[in-house]
Amino acid sequence: MIQLKIQTMLNCIDNSGAAIVECVQVMKMKRAAKIGDRIIVVVQKQRNFGPESGPGASVSTSAANKVRRGDIRHAVVVRTVKKLQRTDGSVVKFDDNACVLINKAGEPIGTRLNGIVGTELRKMKWSKILSLAPMHL
Amino acid sequence: MAPTTHSLRPLSCWKPIFRHTRLQKTATRSLTTQITQIKPKRTFEESRAIAPKRRSNFKILGPPPALKFKEPIKDVTAAQIAILDPTNARSNLFSKTNPEAAHVGDILLVRLKTGDPFAGVCINIRRRGIDTGILLRNELTRIGVEMWFKIYSPNVEGIEVVQRKEKRARRARLTYMRKPKHDMGSVQNIVLAYQRSRGALRGNGGAGTLGKDELKGGKRKIKGKGKK
């Protein structure tokens, strides 16, 4: 029963440069965050693009990292370990907690997502994130 | 009765006439020996029975009938299942008595009316009458995903058994399959092979829309994998 609340460590699944972020605030509500909720996070670990992009690309990788360790950013929860029941009675549960970083206007910072996201994002008007995702459930 | 009474009625004077009648009256009064029998009061039902039958619009009902349902909740459940599963196919697929039924450990494919079909290893069957549900686990884009489906849900179009477990599972709930040691990983390849074989079978007898849908779902999944 892992609820997504303050101090939860989440995976960041976009290519903004953050790998692991920590939730420091759930916005506009005093409860645990669900899929589609907006949270404020602190970047704890940066993604290392080195081996993927190959040698000589180190300058570009550092530039590709749009966020740095210690940055405070907004994010949208896209997967939760906590079970989430839908209106038709089916329940969905993922094996990890994950989020996508966004700017204050609500647009995603990264340009690509890797990994499945919950369909609840459509209901919460996050269709831009949904269209970036390779798969949704 | 001291004064003697005349047997004949005096004719001339009023006084003896009155006296005579008065005496006679007292005699009758004092001699009353016959007791008129007091009839016992009739009960309402008796009087109803005796009373002449009148036509009335007022219906008199008998006692209420005995309770029809011995186990009301069971009957309601049966009625609901009859509505949601008229062919009994879903009940049979998960019944405990059916030897051909799906068990935990089997790979099941749930076709939905809205959205793509979902396939995964069945790790739990929760039998609760109309609320009976199954828990499927799969790995999509390297992330483990678990979904509960209500088998009688109108949103569930059909449930197919893709592959059966070779050996019967000796547990009712295979939650240990969440652990990395026992995790089956992705079952997409098995499901895709099954869908292709089904599509081929359908192709011989005229391609159905269902087969096409399945193929489409399969293609989408491949794309998702390729991207990653």
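The values are calculated or read from the model by the stated rules, or taken from the named source; none is laboratory data. Because the structure is a prediction, the values reported are computed rather than measured. Virtual Cβ from ideal backbone geometry, glycine too; neighbours counted across all protein chains shown. Just so you know, the surface numbers come from the protein's heavy atoms only, side chains and all, with ligands and any DNA or RNA stripped out. Shrake-Rupley method; radii C 1.70, N 1.55, O 1.52, S 1.80 Å.
A compact table of results
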quantity	calculated
In segment B:146-204, residue modelled with the lowest pLDDT [restricted to those that are over 28 Å from A:H136 (Cβ atoms) and among the small types (G, A, S)]	B:G203
Whichever residue in segment A:1-50 is at pLDDT 90 or above and of a type in the set (D, E, K, R) and, among such residues, is surrounded by the most Cβ atoms within 10 Å (Cβ to Cβ)	A:D14
Any hit, segment B:73-89, residues being surrounded by fewer than 10 Cβ atoms within 10 Å (Cβ to Cβ) and either over 30 Å from B:N155 (Cα atoms) or modelled with pLDDT under 80 (or both)	no
Residues of segment A:106-118 that turn out to be within 13 Å of another protein chain (Cβ to nearest Cβ) and surrounded by 15 or more Cβ atoms within 10 Å (Cβ to Cβ), as a count	6
Test set (1) at positive phi; (2) of a type outside the set (S, T, N, Q); (3) out of contact with any helix residue (DSSP H, G or I) (no Cβ under 7 Å at 6 or more places or on another chain) - B:L135 fails condition number	(1)
All positions within segment B:183-195 that are touching a Leu at 6+ places or on another chain (Cβ under 8 Å) and within 14 Å of chain A (Cβ to nearest Cβ)	B:S186, B:Q188
Pairs where the first residue, in segment A:82-105, is touching a residue at least 60 places away in the same chain (Cβ under 8 Å) and more than 7 Å from chain B (Cβ to nearest Cβ) and the second is open to solvent by 20 Å² or more (accessible area, probe 1.4 Å) and basic (K, R), C-beta under 7 Å, 6+ apart	A:L101/A:R73
Residues that are within 14 Å of another protein chain (Cβ to nearest Cβ) and farther than 20 Å from B:K113 by Cβ, drawn from segment B:146-178	B:E146, B:T175, B:M177, B:R178
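Per-residue answers, yes or no, for (1) charged (D, E, K, R); (2) over 23 Å from the mean Cα position of the chain (by Cα):
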| residue | (1), (2) |
| --- | --- |
| B:I83 | no, no |
| B:P99 | no, yes |
| B:L109 | no, yes |
| B:C122 | no, yes |
| B:G133 | no, no |
| B:S153 | no, no |
| B:E157 | yes, yes |
